[in-house]
1. Would you check which residues across segment 74-112 are closer than 20 Å to P136 by Cα and in contact with a Phe, Trp or Tyr (Cβ under 6 Å, 6 or more places away or on another chain) and list them?
2. What residue, among those in segment 100-121 that are without any contact (Cβ under 8 Å) to a residue 40 or more places away in the chain and assigned to a strand (DSSP E or B), is nearest to the chain's Cα centre (by Cα)?
3. Return the only residue of F106, F114 being of a type in the set (A, V, I, L, M, F, W, C) and surrounded by fewer than 20 Cβ atoms within 10 Å (Cβ to Cβ).
4. When you go through (1) assigned to a strand (DSSP E or B); (2) polar (S, T, N, Q); (3) more than 12 Å from the chain's Cα centre (by Cα) one by one for S97, which number turns out not to apply?
5. Checking the conditions here, which among E49, E67 is of a type in the set (D, E), touching a residue at least 12 places away in the same chain (Cβ under 8 Å), surrounded by 17 or more Cβ atoms within 10 Å (Cβ to Cβ) and touching a strand residue (DSSP E or B) at 6+ places or on another chain (Cβ under 6 Å)?
6. Among residues belonging to segment 15-37 that are modelled with pLDDT under 95 and open to solvent by less than 40 Å² (accessible area, probe 1.4 Å), point out the one that is farthest from D109 (Cα to Cα).
7. In segment 52-64, which residues are in contact with a Ser or Thr (Cβ under 6 Å, 6 or more places away or on another chain), open to solvent by 40 Å² or more (accessible area, probe 1.4 Å) and part of a loop (DSSP other than H, G, I, E, B)?
8. Looking at segment 70-94, which of the residues that are in a strand (DSSP E or B) and in contact with a helix residue (DSSP H, G or I) (Cβ under 8 Å, 6 or more places away or on another chain) is surrounded by the most Cβ atoms within 10 Å (Cβ to Cβ)?
Amino acid sequence: LKAIMVAYSASAASLVDVTLVAKYHVANIDGSFLRVPLFNGTYPGPPIECAKGDTLRINVINDMKKEELSVNWQGIVQNGTNHMDGVPYITENPIASGGGSRVYMFAADAAGTFHYHSNQEFIRSGLHGIIIVKEPSGSG
């Protein structure tokens, strides 16, 4: 898998731009060929890497034909950005099918490994990936 990365710096936080495209693909996931929704055509979706203190700007495009979409950033504290939490009809309206998009923007305030996933139950299994937030270089 190809990670989406930026250079890490102890002196300044970076803006990390990522694009995730949700679309159906035929994939051999468990020995059977299935038509499944995937982010960027991979299972799991691409890992997103950044440094603690960076701001993530994630453009999510919904290229599925019928299904609405929202994305939850599991474990990322949404302090001041609750509207980016990805809970459909509670913190946001879902992204419309057929090419709708939404830009999620929030800070990576804690180092660790986190999980992103769709919050629509029937498409959740294919639309997910990890976020790796590293300590900035030179921080210890």
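1. Looking only at segment 74-112, we keep the residues that are closer than 20 Å to P136 by Cα, and these are 75-77, 105-112.
Once the filter is applied, which keeps residues that are closer than 20 Å to P136 by Cα and in contact with a Phe, Trp or Tyr (Cβ under 6 Å, 6 or more places away or on another chain), segment 74-112 yields G75, I76.
2. Step one: list which residues in segment 100-121 are without any contact (Cβ under 8 Å) to a residue 40 or more places away in the chain, which gives 100, 112-113, 121.
When the remaining residues are screened for being assigned to a strand (DSSP E or B), the result is 100, 112-113.
On the way: G100: 16, G112: 15, T113: 13 Å.
Going through the qualifying residues, I end up with T113.
3. Values: F106 fails: surrounded by fewer than 20 Cβ atoms within 10 Å (Cβ to Cβ).
Exactly one residue qualifies, and that residue is F114.
4. Every condition holds for S97 apart from (1).
5. Details: E67 fails: touching a strand residue (DSSP E or B) at 6+ places or on another chain (Cβ under 6 Å).
None of the others qualify; the one that does is E49.
6. Among residues in segment 15-37 that are modelled with pLDDT under 95 and open to solvent by less than 40 Å² (accessible area, probe 1.4 Å), the one farthest from D109 (Cα to Cα) is A27.
7. none
8. Keep residues of segment 70-94 that are in a strand (DSSP E or B), which gives 71-74, 88, 92.
With the extra rule that they be in contact with a helix residue (DSSP H, G or I) (Cβ under 8 Å, 6 or more places away or on another chain), the set shrinks to 73, 92.
Details: W73: 22, E92: 18.
If we take residues in segment 70-94 being in a strand (DSSP E or B) and in contact with a helix residue (DSSP H, G or I) (Cβ under 8 Å, 6 or more places away or on another chain), then W73 is surrounded by the most Cβ atoms within 10 Å (Cβ to Cβ).
The values are calculated or read from the model by the stated rules, or taken from the named source; none is laboratory data. These numbers come from a predicted model, not from an experiment. Reconstructed Cβ throughout: ideal geometry from the backbone, glycine too, with neighbour counts over all protein chains shown. In case anyone asks, the SASA skips ligands and DNA or RNA and just uses the protein heavy atoms, side chains included. Shrake-Rupley method; radii C 1.70, N 1.55, O 1.52, S 1.80 Å.
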